[in-house]
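Everything below concerns the one structure shown next.
The values are calculated or read from the model by the stated rules, or taken from the named source; none is laboratory data. Here the structure is a predicted model, which is why all the values come from computation and not from measurement. Every residue, glycine among them, receives a Cβ derived from its backbone with ideal geometry; neighbour counts consider all protein chains shown. These area figures cover heavy atoms from the full protein model, side chains too; ligands, DNA and RNA do not enter into them. Shrake-Rupley method; radii C 1.70, N 1.55, O 1.52, S 1.80 Å.
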Amino acid sequence: MGAMFTVRPTPEERRQDLPAVPWDALPQEALVNVFSYLKDGDRCQASLACKAWHRVFRMACLWRRRSFEFRGTDMQQGCYDGFLREHGQHLQHVSLEFAEPDRAVVQCFKAFVATANECAELRLLSIKVQEFFLPNLRKKWSGYRKKMVQALCLLLKRQPMLQEAEFFFCEFTHNEGLRVLKALTDDLPLMTRRNIITLKLEAFFQRRTVNLSLRTFTEVMGRFTALAFLRVDQHYLCEAVLDKLITGCAQTLRHLDIVMNTTVVHAIDSHTWSLAVQRCPSLTVTVRLYDAYTFEEYSRVLVASMPLTRVVLWDMCGMCEITFADVARFLGYVSGIFFNTIEVVGVSDNSCLTLGLEAEGYLEMEKAVVNLIERCVPLKKLFLCIPLMPETPSRVVAARLQNEMKRLEVTVVVEEKINTEYIEQRWPTFRALSFDDFLSTIFKFFKELFLSFI
């Protein structure tokens, strides 16, 4: 190839003249990295450039992860069928997303499942299903939903190597959800039962299924015997479910990620958690509060003896107004009960950013932050979406010895008049964000927050 490109020098190299480098001289690792950012059509076009690029295009590592969006077009169905036949033997991780469940979407998904099951070399390691049905269309499309659940179960049953399954806002009915979970754990003909290591069930059932039959749910959860990580909504986790998990996965279970996103119907008491820790000493727990819960509500869930290592208070909908006093009481409760175990604490609520520093409860909140850092020695990461006074970082640093402060990463949102670079230079363990930086960072932060357990 005759095309050339120029490498942009680093600041230290700007005074040096760098030669142009031919495209075909790029190492294969760099080309693979470039191709990984391209869409399928662009990859195809780029593979026609030369033999070297075509060889990269055919490499298996480029086709191990794939997201499929089902919109119901004939062109889409043909592309997916062709992809599975061409690269199905390389595919290991898939994500399935769906549009409104009409006839075309159902046919497209059923054809996808049929082609996938015909591919004998397809061996998925992980699958993610998100937004399977839109809530306001449940009744209208109930017939289509039934067919899609059948197709999904058929796909799950035919994947013997599956290790990770995630269901995000699928909102199945009680029977549909149990059917999907059973499909994950069914014995396979001529094969041993698959070992699901990671299972994520967030908004797995419809919201009106809060009072689902926990007896049948408990029985189904007992089928999982190799779980290491489980994410589950709090109102699905009762004492019987926890006991079944500890009994079946005592040698493997390492982390429970509990999501609080609805009314607290029942909670596990301190004695039950104590017995669970005795039987499974390595168990740790994360609790995410996605609403402005009252003290009486979260104190029922966050009880002594729970091996809590991570807790996040995050008003995702932004409809509730959390005050500085609420934050102070929450942080005070966490530092008072879990000072020996807590490692990560996050508080994020946009309403706090709109409060002035002179608002009622600020000094109590600042005192709670300092007390949290001072008491919770295992604390490694603190994320606060709260405006801070210029002198607050000094008080925070003084709460710990300098050698201990090096192990603690603190991310705070500061007012516009405070120089973020000055704070980070003076206190290297701090990461200061402006409000604009916060908006672009928060989702990345919470995503990274839980990756270490997956």
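General remarks:
- Counted residues, the range 238-264 - those being under 17 Å from residue 293 (Cβ atoms) and at pLDDT below 90: 5
- Residue match in the range 81-94 (condition: among the β-branched types (Val, Ile, Thr), within 26 Å of the chain's Cα centre (by Cα) and either at pLDDT below 80 or not in a loop (DSSP other than H, G, I, E, B) (or both)): yes
Let's see how each residue does on (1) touching a helix residue (DSSP H, G or I) at 6+ places or on another chain (Cβ under 8 Å); (2) modelled with pLDDT of 85 or more:
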{"position": "335", "(1), (2)": "yes, yes"}
{"position": "342", "(1), (2)": "yes, yes"}
{"position": "373", "(1), (2)": "yes, yes"}
{"position": "376", "(1), (2)": "yes, yes"}
{"position": "386", "(1), (2)": "yes, no"}
{"position": "391", "(1), (2)": "no, no"}
{"position": "399", "(1), (2)": "yes, no"}
{"position": "417", "(1), (2)": "no, no"}
{"position": "421", "(1), (2)": "no, no"}
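- Here residue 230 fits the description: aliphatic (A, V, I, L, M) and at pLDDT 90 or above.
- Hits in the range 35-84 - residues which are open to solvent by less than 40 Å² (accessible area, probe 1.4 Å), aliphatic (A, V, I, L, M) and closer than 25 Å to residue 131 by Cβ: 84
- Residue list for the range 225-243, filter: of a type outside the set (A, V, I, L, M, F, W, C), open to solvent by less than 40 Å² (accessible area, probe 1.4 Å) and either more than 17 Å from residue 300 (Cβ to Cβ) or touching a residue at least 40 places away in the same chain (Cβ under 8 Å) (or both): 231, 234
- Among the residues of the range 315-329, not a single one is modelled with pLDDT of 90 or more, open to solvent by less than 10 Å² (accessible area, probe 1.4 Å) and within 26 Å of residue 374 (Cα to Cα).
- Positions within the range 244-261 being more than 20 Å from residue 215 (Cα to Cα), open to solvent by 10 Å² or more (accessible area, probe 1.4 Å) and in contact (Cβ under 8 Å) with a residue 12 or more places away in the chain, in sequence order: 250, 252, 254, 261
- When residues of the range 170-203 are limited to those that are at pLDDT below 90, in contact with a helix residue (DSSP H, G or I) (Cβ under 9 Å, 6 or more places away or on another chain) and not in a helix (DSSP H, G or I), the one most open to solvent (accessible area, probe 1.4 Å): 193
- So residue 323, is it of a type in the set (Val, Ile, Thr) and farther than 23 Å from residue 205 by Cα: yes
- Selection within the range 265-279: residues that are open to solvent by 10 Å² or more (accessible area, probe 1.4 Å) and among the small types (Gly, Ala, Ser). The member of this set that is nearest to residue 293 (Cα to Cα) is 267.
- Output for the range 344-371, where each listed residue is open to solvent by less than 40 Å² (accessible area, probe 1.4 Å) and modelled with pLDDT under 75: 349, 351, 352, 353, 356, 357, 359
- Test: residue in the range 211-221 that is in a loop (DSSP other than H, G, I, E, B) and in contact with a Ser or Thr (Cβ under 7 Å, 6 or more places away or on another chain): no
- Filtered residue count, the range 247-300, keeping only those that are among the β-branched types (Val, Ile, Thr) and either within 26 Å of residue 196 (Cα to Cα) or in contact with a Cys (Cβ under 8 Å, 6 or more places away or on another chain) (or both): 11
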